[in-house]
Amino acid sequence: MRYDFVIAVSLFIIAAFLFVGAIYLFTRREQLSGLKLTGIFVLANAIYAAFYAGFVINDFEIQKLWFNHIQHLSIPYLTTLWFLISLRLLNRQRKIKISFYILLFFIPFLTMLTNFLYVSNGHWYQTLYYSSHIMSAYHGIHWEGFNFIVYDKAIMYYIQAGFNVCVLALTTVNFYISYRKSIFLAKSRSFILFIISFIGFGLIATQFISSKSSPIDSTPFFTSIFAFVLFFALFHYELFDLVPKAYQLIYEKSISPIVILDEAFTLVSMNEKAQELFINQKEYPHGLKLGDLCGMDKSVCEELLKNHHHEISFSFNEITKYYSVELQVLTNSYIGKIFNGYCAIFYDTTLQKEEFIKMEHMASYDGLTNIYNRRYFYKLATEAFDLAQIEHQNLVIVMFDLDDFKIVNDIYGHQAGDYVLEEMTLIVSKKLNSDGIFARYGGEEFVYMQTNVKIHEIKKKITDICETLSNHSFVYDKRKMKVTASFGLSGTKKIIGKSLDTYIKEADDMLYCAKGNGKNQVFFTKDIE
């Protein structure tokens, strides 16, 4: 295997990764400081690596010279871009003037220009960067057929090298200052970049040792490593933005209470809102568990750990607050061992919960009488009916309607009629068994269902209610009203033998029989007579 092929293939692979990285950086939408600048630096390294690979693997002199020219579209600007990145890291708010850019890129531009003008043993302006070159074949095992070019360095080469040394020295100083000023993760990343810059400074300084270029240039590998390190630092440590600080600020000032826990569910930290919520725990003792803090029992904590979500409530001064607890897993690793912590976020759902309860009540209860409505009656009645069938219980259905209620509305007004309905509901509710299901069926018609009931007792109770309403005086706005009701009962003394709808229809038929036979009375089906 020829080593020059290995070098070329390695550089092509590196260049491919760098090109992809540059495209990724340029297409990101986040407004991160220094993002595009880093993308340019990575792209310049990709160009350098790719065309130096072409320079290595090519055996023709004219093509090698052109590959060298194309490399110098990026080589002179690498240290300048690295310096600008260090400035951006040191002071993200600093605006660089156009004149500074012109001054900074003047020497790199001259270097690029003089490289493109180079002709061996040409006119003076053609030998400013290189004075001459020779092409030779490399001899040795695994190097057969490898042709290389050695250049004689000229004045512009040394000017560029001196410029690079100065710029890298300033860059190293910038990263060192950033390292001294930074804390936590920013300090670590600044130190890494400081070391890389110091290494680069040393490599550039070696260019003054010899007056001839090296047959094999290792610089593309080092600059590519620099690009990968920068790329890694940008996305692993979030180099140029203030995300760690933002995270801390979001945690501390979040409108939601947040609690940090270790792997044993022991309290580590809580934000300001959590301290307000758990007012007695502002100075929390060592070893306090989440269950102790929130009043959760062990089963609730286990469910929270399993599902990462749970609904809880707290009572403060007889006021109930509802929270949706979301548990986020925090994973960290150290020397190959993974440690898990947890972040519990308490979302206040009190308004939503109260609105839901209100809407649920509106969907289930009659707005005037505050008993079940027809829709919810059928839901509960169906459930009770099915259970009664399973357990072999009996049932009774009561349908009743206020007699001549339209006359009350016409003479006394609808407000008086509403009052009668409310008052009548209170009277009937007090006398009916709380085990039954009492609902407004529609208008002035009502329904009651009870399972596992003694028929003689319910018949007596309904008859008593009929008499009570007949003897009751409804007083509205100092005006007395007499209102009676007619009742129809159906059901069974033994186990259920018909459908729920059939029993309801039978009770309704008995109600209309009571109406047709003089009103203010109770009629029963034959099954319960």
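Per-peptide packing, taken as the mean over residues of other Cβ atoms within 10 Å, places 168-174, 424-430 in the sequence 168-174, 424-430 from highest down. Among the protein heavy atoms, those of residue 13 account for about 90 Å² of accessible surface (1.4 Å probe, every chain in place).
Largest first, the residues 124, 82 sort by 1.4 Å accessible area into 124, 82. When you filter the trypsin sites (Lys or Arg not before Pro) in the range 469-529 for DSSP loop state and at most 15 other Cβ atoms inside 10 Å of their Cβ, you are left with 478, 493, 494, 498, 519.
To the nearest ten degrees, helix 98-117 and the longest principal axis of the Cα atoms of the chain are 50 degrees apart. Placing a label point 7 Å from the Cα of residue 468 along the Cα-to-Cβ direction, the residues of the range 398-434 with a backbone N closer than 13 Å are 423-434. For the chain, the gyration tensor built on C-alpha atoms gives a prolate shape. Its axis ratio a/c (a ≥ b ≥ c) is at least 1.5, and a/b is the larger of a/b and b/c.
Among 208-219, 149-160, what's the highest-first ranking by average C-beta atoms within 10 angstrom per residue? Kindly include the intermediate steps, with their values, before the conclusion.
Details: 208-219: 13.0, 149-160: 17.8.
Highest to lowest by the protection proxy: 149-160, 208-219.
The largest accessible area among 133, 139 belongs to the first residue in 139, 133, and the rest follow in falling order (1.4 Å probe, all chains).
Taking every DSSP helix (H) stretch of at least 4 residues in the chain, weighting each as -39,500 (n - 2.57) and dividing the sum by the residue count yields a mean residue ellipticity at 222 nm of -17500 deg cm²/dmol.
Given the C-alpha atoms of the range 436-529, compute the convex hull and give its volume per residue in Å³. Display every interim value, and only then the final one.
Details: hull volume 10.2 nm³, N = 94.
It comes to 108 Å³ per residue, whole-number rounded.
A Cβ-based charge dipole, computed about the Cα centre of the chain with Lys and Arg at +1 and Asp and Glu at -1, lands at about 1700 debye. For the range 45-130, the per residue solvent-accessible surface stands at 49 Å², with DNA, RNA and ligands left out and a 1.4 Å probe.
Rounded to the nearest 10 degrees, the inclination of helix 374-390 to the longest alpha-carbon principal axis of the chain is 80 degrees. Taking the C-alpha atoms only, the angle from helix 298-307 to the longest principal axis of the chain is near 60 degrees. Projected onto planes of every orientation and averaged, the convex hull of the alpha-carbon atoms in the range 1-120 covers 8.9 nm². With 0.36 nm allotted per residue and the present C-alpha distance subtracted, the residue 117-residue 357 stretch has 78.2 nm of extension available. Between the amide H of residue 268 and those of 260, 261, 262, distances stay under 5 Å, these residues lying 5 or more places away or on another chain, with hydrogens modeled in the peptide plane. Going by Cα centres, the range 81-136 and the range 464-529 are how many Å apart? Here the answer is 103 Å between Cα centres. Amide H contacts of residue 492: 395, each under 5 Å away and 5 or more positions distant or on a separate chain (H built 1.01 Å from N in the peptide plane; Pro and chain starts excluded).
Can you give me the % of accessible surface on the range 376-529 that is carbon or sulfur? Probe 1.4 Å, all protein chains present, nothing else counted.
Values: 3870 of 7830 Å².
On the range 376-529, the fraction of accessible area on carbon and sulfur atoms equals 49 percent.
Counted residue by residue at 0.36 nm each, then reduced by the alpha carbon distance between them, the extension gain from residue 407 to residue 137 reaches 85.3 nm.
Could you rank 422, 445 by how accessible they are, 1.4 Å probe, largest area first? Write out the running numbers ahead of the final one.
Details: 422 80, 445 25 Å².
Order by accessible area, largest first: 422, 445.
The length gained on full extension between residue 250 and residue 429, counted as 0.36 nm times the residue separation minus their Cα-Cα distance, comes to 59.1 nm.
Does the range 454-496 classify as rounded, prolate or oblate by the C-alpha gyration tensor (a ≥ b ≥ c root eigenvalues; a/c under 1.5 gives rounded; else a/b over b/c gives prolate, otherwise oblate)? It comes out prolate by the Cα gyration axes.
The values are calculated or read from the model by the stated rules, or taken from the named source; none is laboratory data. Predicted model only: the values in this text are computed from it and were never measured. Cβ atoms come from the backbone with ideal geometry, glycine included; neighbour counts cover every protein chain shown. Ligands, DNA and RNA are stripped out before the accessible areas are found, and what is left, the full protein with its side chains, is counted by its heavy atoms. Shrake-Rupley method; radii C 1.70, N 1.55, O 1.52, S 1.80 Å.
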